[in-house]
Structures are given as structure tokens and as C-alpha cells.
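Student: Handing you a structure now.
No lab work stands behind these numbers, since they all come straight from the coordinates. This one's a predicted model, so the numbers in the text were calculated from it and none came from an experiment. For neighbour counting, all protein chains shown are included, and Cβ atoms are generated from backbone atoms with ideal geometry for every residue, glycine included.
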Amino acid sequence: MTRIATYDTTLRDGSQGEGVNFSLQDKLLITARLDALGIDYIEGGYPLSNPKDAAYFRAVRDLDLGHSRVSAFGMTRRKGISAEDDTGLKALVAAETPVVTIVGKSWDFQAQEVLGVSLEENLRMISDSVAFCASHVSEIVYDAEHFFDGYKRNPEYALKTIQAAAAAGAAWIVLCDTNGGTLPEEVAKAVADVRANVSVPIGIHTHNDCDLAVANTLAAVYQGATQVQGTINGIGERCGNVDLCSVIANLGIKLSGFEIIAEDKLRHLTEISRYVYETANMNFRPGQPFVGTSAFAHKGGMHVHGIRKNAVSYEHIDPSLVGNERRVLVSELSGKSNIAEKLGEHGLEQDNELLAKVLDRIQDLENEGYQFEAAEASFVLLVERLAGRDRPSFERLGYHVSVSGSSVGHAVTEATVKLRVGEVLEHTVSEGDGPVNALDGAVRKALESHFPCLREMQLVDYKVRVINGREGTAARVRVVIESKDNDSVWGTVGVSENVIEASWLALVDAFEHKLAKDARRSGVGAALVTS
């Protein structure tokens, strides 16, 4: 088995992506998660670039890392300055990390046109910088920036740059496809040549500008690269870095002969992917391979029919291997297999007549603008209604919402609701920050005295989508509300030409689902307390 070292640069290269910004605490928390996953190297940042990165390297010393080695990143010395006097290199040493990563130019064009130095001076800058840091730090990683572009233009000089770094004491030579424009066969050819001319271990660092970063990384590994650099979820400049989640999954599951991280750690891959998205305040990428919410989601009726017999028919791996899960979606494209699978997930009784009835109704509702993929709670309620098994905990009699403003721009929203619980008529009013907040408050006032369990329920997300935009102000809107309690999260949906009506439909379903869920769990009525 060939051991492949993992090098994560989410905190440095990943943070250069548009819209990505980590606080000091974010960086420390992600470091701990990466260590728990079993990542070998964590690049924490550039200590001279900003106060936050400098503070990170001081604070990370107090983390009890059981596996990962933290690296400080920096550049070769500036032209005309000795390595000993270069402030950037001194900052790298002062970071007191067990690893230092130095980036230098491998492309003659970059050395001459960007740095403005001769090719000979560029070689001295590389050698001096690596040697200086190697005299203070136990492990030096040399990142050969623009290596593949340099190799295509002037292979002899590109090889000289990495040979200079190796001779000066670099423990790793990492070949960088900085512009992300290299093809897999070009990567393979260059890595093979490097392996024949450099004795130290080789790493690979790719960007995704041609959507080939994973393919290029795997091509390099096949040619003998034993370190893979990347970021969680592929975040980074322009089109991003290689997605380390995909690289780890491919090497750990799909390809034989490589050892990367332990099998029990692989099962946390989806978890850390979503943790980084949440920490960076970014939306999940549903179609992201291996770890995306749609990576093992099945919508077509034929597909669901197949996986019910054998999941291998439409899944390339068991989703649990990377901590993900299979999802069956219901839509107008569904067949009875989808409906049956979904009913089975929720433990709902079913028969062929009910399956046909549900499928017909789903198709009608989707034609009106409904979608149940993110609103399974509304789907369950719909099924129970069609089966004649629903027992509503309360009766909706009416609602009213008003918004009043003032000259200073402060708007006040007030909602009034009428509900009947058993024989009790509830007529309540509540103010809120907006219509949904006010309606939520009014419904709670009406129901919480009867159903104390609602006190543990809260709304956590609210999304609105215009369905038929060509209709202008008369267009239908779809509202999806996400709610949670102490043990689960659920989505509900409402559709109307009126956004408040759509919101009301989704909101009431959210309360109904909570009460029905608790009733099923307890095996009795929904904890009704009559006044």
C-alpha cells in the first residue's frame, strides 16, 4: 500500500475564495476538526500577511492536536535581500510551526516578468529561502508555483527550480497547477519526468479552472506523487482548489493500493464538509460528489425501483462510507416505487390504491408549483389526509395580517388568528418583525396552553421562490419553512399567489407535523391539555 499524505489549505488558499472569510475562532475550530479527521498537514495561513494569521499561529500552539502538523506559509526571499534579513522568512520561523511551506517561481515568465529578476537570481532566491528555513524548522514543503505552465514553456528551467529547492533541504516538492489550465495527460507526463529527476517525495496542488482538479490530482498520484494538497469543498480563488473531500474518497474507497485516512475517519467526511460550509456561512453544494445532499438522491421512478431491489443498480458506493445518506425524492417524475419507499421511511401504512392516489395528487400539486423535496413534513401530512388517517390537532378558522408604517420608516406587523382546539375557540393577536414572525407568535399564543410541547419548537429558515415570474405581481410563490425541535428538523411548503397565504399554509403544516410526530412517538393524542 502506498501511503498518501493529505495537506489541507482551506484556512489559507481556501480563504482566498470570493465570499470566504474565517474569524480566528473559525480557523481554530476547523483546525481541530481537520485533526480529528486525520489530515496530515494543515496550512494555517501566512503569518506576515495580517494580524489574524499571526494570532492564529500563537493560539494554535495551545490546541491538543493528536495527528495533524500545522504549517506556516510564505514566499521566497525578496530580491536583493538576504534570507536572514527577509521579514517574511523571519516571520515563518517565528511562527514556531513544525512545518514551513515556501512558494517559489517555477515558470521563467513569472520570474522575469512578475518578480523582475534574472533566472539565476530566482534559483538563488529559492535555494537561500529553503536553506534558511530548513536550518530552523524540521520539515520544509516547497510549493513550485505555476510548475506545469513553466514546464510546458521551459522544462529544463522548471526542473532546475525544484532541484534547487531539493538540494537546499526541502522535504517535499509540490507541483502546482496554479492557473488550473493543465490537462491530466500533461500532469502525468510532467510528474513522471520530475520523479526521474528529483529524489525527494513529490506532492500535487491543483486548481479547478478547467473542472479537472480531481482528475489532475489522481493522475499525479498514479505517477508517484505521495502528497495531495487541496481544500475542503474545493473553496478557493477563481474556480477553487481541488476538493479534498473527493480526492480522499476516491483514494480511500475507489482506488486500490493507496492508504490515505482510516476507514472510520472517512465516515466523517460529509460531516466536516458541511461544518466548513456552515462556518464559512456558505450554501451547501447539493450536487457535490460523495458529500452533497443530492449525491445519493433518487428522483426518477425507474431509479428508485432499481435501488429498492439493489442499491448498486444506481449508486457507485454505499453512502454511509462517507457519512452521507440515501434520499428518495417525490415529485411529478416519481413512480409508485418512490412513493412506497418514502412512505416506508416514515413508517406509514400503504397499499396500491393509496400509492396511486398519492402519486396523482403529487403530480397535480407540482403542476401548481409545489415541491416536496425539501418539505417532507408536508408530504407526510398530505399522505395521511389522502389515506383518511389525519386527525388535525386544531381547526383553522381564519387569520388576518396588517402592516403599518410611519414617517421614520419603522413598520409594525400584527397578526390575528382564530383557531378551534377541541371545543375551545382561540382568538389571539401578536406583533412581529414581519408577517411570518407575527403569525408564528399568534399561533403559539393560541396553542401552547393546549400543547406544551410546542415550546420546544422553533422556526429556523424561511425561503420564498417566485414560480411563474412572467405573471409579474400575480405570480405564484412557493414558501418553504424549516423548523426544528429537540430531536429533529423538518420542512413544510405552501404555494399561493399571495406570499402571506403561502407562508400561512407552510407555517400551519409545521405546527401540525410537530403535534402529529409527538403523538405517533407517544402512541397517544398530541399531549392535549384542555383549559
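Student: Would you mind putting 442-453, 112-123 in packing order, based on average other-beta-carbon counts within 10 Å, highest first?
Tutor: In descending order of packing, they fall as 442-453, 112-123.
Student: Can you run phi through the Karplus equation (6.51, -1.76, 1.60; θ = phi - 60°) for region 171-183 and list ³J(HN,Hα) in whole Hz, with x for Gly and Pro?
Tutor: 7, 9, 10, 10, 8, 10, 8, 4, 8, x, x, 8, 8
Student: Considering amide H positions built from the backbone, and no H for Pro or chain starts, which residues 5 or more places from HIS298, or on another chain, come under 5 Å of its amide H?
Tutor: For HIS298, the qualifying residues are ARG327, VAL328, LEU329.
Student: Relative to the compact-globule scaling 2.2 N^0.38 Å, provide the ratio for the alpha-carbon radius of gyration of the chain.
Tutor: Its radius of gyration relative to the 2.2 N^0.38 Å reference: 1.21.
Student: Keeping to pairs on different chains or 8 or more places apart, tell me how many lysine pairs in region 182-321 have Cα atoms under 24 Å apart.
Tutor: Close lysine pairs under the 24 Å cut-off: 4.
Student: Charges on Cβ only, +1 for Lys and Arg, -1 for Asp and Glu, centred on the Cα centroid of region 56-186; of GLY88, VAL130, ALA171, which one is farthest towards the dipole's positive end?
Tutor: GLY88
Student: Continuing with the same structure: Nothing charged except the Cβ atoms of Lys and Arg (+1) and of Asp and Glu (-1): what's the magnitude of the dipole of region 360-473 about its Cα centre? Round to the nearest 20 debye.
Tutor: 200 debye
Student: Still on this structure: Going out from 0 in 10 Å bins, what whole percent of all Cα-Cα distances in region 203-262 drops into each bin?
Tutor: Spelled out per bin, shortest first, that is 25, 58, 16, 1.
Student: Amide H of ALA475: which non-local residues (sequence gap of 5 or more, or other chain) have their own amide H closer than 5 Å, using H built in the peptide plane?
Tutor: It is none; the list stays empty.
Student: Taking 7 Å along the Cα-to-C-beta vector as the label spot, tell me the GLU431-LYS254 distance in nanometres, rounded to one decimal.
Tutor: Between GLU431 and LYS254, the label points sit 5.8 nm apart.
Student: List MET1, MET457 from most exposed to least, where exposure is judged by having the fewest other Cβ atoms within 10 Å.
Tutor: Ordered from fewest to most neighbouring Cβ atoms within 10 Å, MET1, MET457 come out as MET1, MET457.
Student: Determine the calculated [θ] at 222 nm for the chain from helices alone, applying -39500 (n - 2.57) to every DSSP H run no shorter than 4 residues and normalising by the residue count; nearest 500 deg cm²/dmol.
Tutor: -11500 deg cm²/dmol
Student: What per residue convex hull volume, in Å³, do the alpha-carbon atoms of region 406-514 yield?
Tutor: Roughly 117 Å³ of hull volume per residue.
Student: Now, a different point. Between VAL464 and ASN283, what length in nm is gained on full extension when 0.36 nm per residue of separation is reduced by their alpha carbon distance?
Tutor: This chain segment gains 63.6 nm when fully extended.
Student: How much length, in nm to one decimal, is gained on full extension between ALA59 and LYS418, taken as 0.36 nm per residue of separation minus their Cα-Cα distance?
Tutor: Length gained between ALA59 and LYS418: 123.7 nm.
Student: Please list, ordered by chain and number, the residues whose modelled amide H lies under 5 Å from the amide H of SER71; skip anything fewer than 5 residues away on the same chain.
Tutor: ILE42, GLU43, GLY44
Student: Another one. Could you order peptides 412-424, 373-385 by the average number of other Cβ atoms within 10 Å of their residues, highest first?
Tutor: Ranked by mean Cβ neighbours within 10 Å, highest first: 373-385, 412-424.
Student: Moving on to the next point. Separation between the SER49 and ALA167 pseudo-spin-labels, each 7 Å from Cα along Cα→Cβ, expressed in nm?
Tutor: 3.1 nm
Student: If you don't mind, there's one more thing I want to ask. Once phi is turned into ³J(HN,Hα) by the Karplus curve 6.51 cos²θ - 1.76 cosθ + 1.60 with θ = phi - 60°, what whole-Hz value does each residue of region 462-468 show in order, with x for glycine and proline?
Tutor: Ordered by residue, 3J(HN,Hα) equals 8, 10, 10, 9, 6, 8, 10 Hz.
Student: Further, regarding this structure: Among ALA438, SER404, VAL424, flag the residue with its Cα farthest along the positive direction of the charge dipole of region 382-451, charges on Cβ as +1 for Lys/Arg and -1 for Asp/Glu.
Tutor: Sorting the options by dipole projection puts first VAL424.
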